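The values are calculated or read from the model by the stated rules, or taken from the named source; none is laboratory data. Note that the structure is a prediction, hence the values are computed from the model and not measured. Here the Cβ positions follow ideal geometry from the backbone for every residue, glycine too, while neighbour counts run over all protein chains shown.
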Amino acid sequence: MISILRHDLSDVVYRLADDVASLEVHRDGVSKHVALWIDEPSTRNRVSVARACSDLNFKILDSSPSSGLSIAKGESLQDTFMVLSRYTDLFAIRTRVVSLPLRIYAWTGLPVLNLGDGWNEHPSQALSTLIAMHQSDIASDKATVAIYGDFDRSRTVRSVALGVASLGGTVILVDPAFVNAPRLASLPSELGLPGSISVAADISKVEADMLYVCRPQRERWNSSQASPPPLRVQEVARFKMVLHPLPRGEELSTDAWEFIREQALNHVTRSYLTRRALLAALMSGALASSDEERYQPNLPTNARCSADDCTFRDGCLATLRLASGTLCCSGCFAPCA
Ligand code: ASP
């Protein structure tokens, strides 16, 4: 202000007011921006969105909490996203908080690309799997997809299973211990989807068009739950197509990984291209955010956080604060006392 005051202040105000007015009107040719929010570790999503934005000439605004947002000063999430919406054209969100992408869409009305919300959903990852099936001429309404891995806590499994069931296909959750799957298996009927999800114990007896494998999601476990045994090469080799979202954990033997490695890496490329196509479609308005979110089940969000349901209680309650209460990573909403 001191250097401005060396000029005639009324002249400065007059000239800048004109500039601001013309900037408000003439926004043609201004680059499109993507506000990227990441509050959990990420390689493929972070880098594929960065690469896609560079390909599409979109600029990234680093809006992650670690970039020093005023959330640290107590600004609510809702206020934060309403403010960010004035700088950006689209949000790309990777978060520990279940249903945060839907809330951002409700708060701002801007398109939101969900890059994974806690244990809930991973729509872009699931879309790349549905696209892989389409590219291999697997008719989605007749497809049978076997899934092996962590059914309870994997958002990619949940989204792939709900995606296949939404298209009328059949999902078989291969759960050797038979303890985790029923919760997910009941979702197609709860959500009125045309397909089905069932459970099988023995992978050697399962017939399917595709096997989808996913690692145990240890970062979301609060118990000593046992991992499913690593798949052997002869178990994966029975399937024409085997996909894995990566990163891998203990769910594949070394030989089985060698067997699927090329397919898994090709799927990394496909997933990046899917995100690029999604970003372009959401930015142009060809795809509305609500369409992209159709795999979101209606999760209860008005229950108080309880130690049994919430595995990240201590890590999140301080930072993910809404105006009216606290949103926990498990999607539990605790109103202000
Ligand atoms: N990369 C996927 C995800 O973000 C799968 C995983 O982490 O296992 O959910």
Have a look at A126, A106, A143, A132 and point out the one that is more than 16 Å from the ligand (Cβ to nearest atom) and either crowded, with 24+ Cβ neighbours inside 10 Å or not assigned by TED's automatic domain parsing to the domain that holds V83 (or both).
-> A143
Residue count for the stretch 109-123, restricted to those that are surrounded by 22 or more Cβ atoms within 10 Å (Cβ to Cβ), hydrophobic (A, V, I, L, M, F, W, C) and more than 13 Å from the ligand (Cβ to nearest atom) = 2
Please find, among E262, E235, E258, E293, the residue that is of a type in the set (D, E, K, R), farther than 22 Å from P216 by Cβ and at pLDDT 95 or above.
-> E262
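Every residue, every condition in (1) among the polar types (S, T, N, Q); (2) in a strand (DSSP E or B); (3) in contact (Cβ under 8 Å) with a residue 40 or more places away in the chain, yes or no:
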| position | (1), (2), (3) |
| --- | --- |
| H7 | no, no, no |
| S10 | yes, no, no |
| A17 | no, no, no |
| W37 | no, yes, yes |
| S42 | yes, no, yes |
| N45 | yes, no, yes |
Could you tell me which residue of the stretch 47-71 is nearest to P101 (Cα to Cα), considering only residues that are in contact (Cβ under 8 Å) with a residue 40 or more places away in the chain and not β-branched (V, I, T)?
-> P65
In the stretch 47-69, anything within 26 Å of N266 (Cα to Cα), of a type outside the set (A, V, I, L, M, F, W, C) and either assigned to a helix (DSSP H, G or I) or within 16 Å of the ligand (Cβ to nearest atom) (or both) is listed as S48, R51, S54, D55
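Just give me the residues in the stretch 123-145 being in a helix (DSSP H, G or I) and among the small types (G, A, S), in sequence order. Before you say what the answer is, go through the steps one by one.
Looking only at the stretch 123-145, we keep the residues that are in a helix (DSSP H, G or I), and these are 123-135, 140-142.
Matches in the stretch 123-145: S124, A126, S128, A132, S140.
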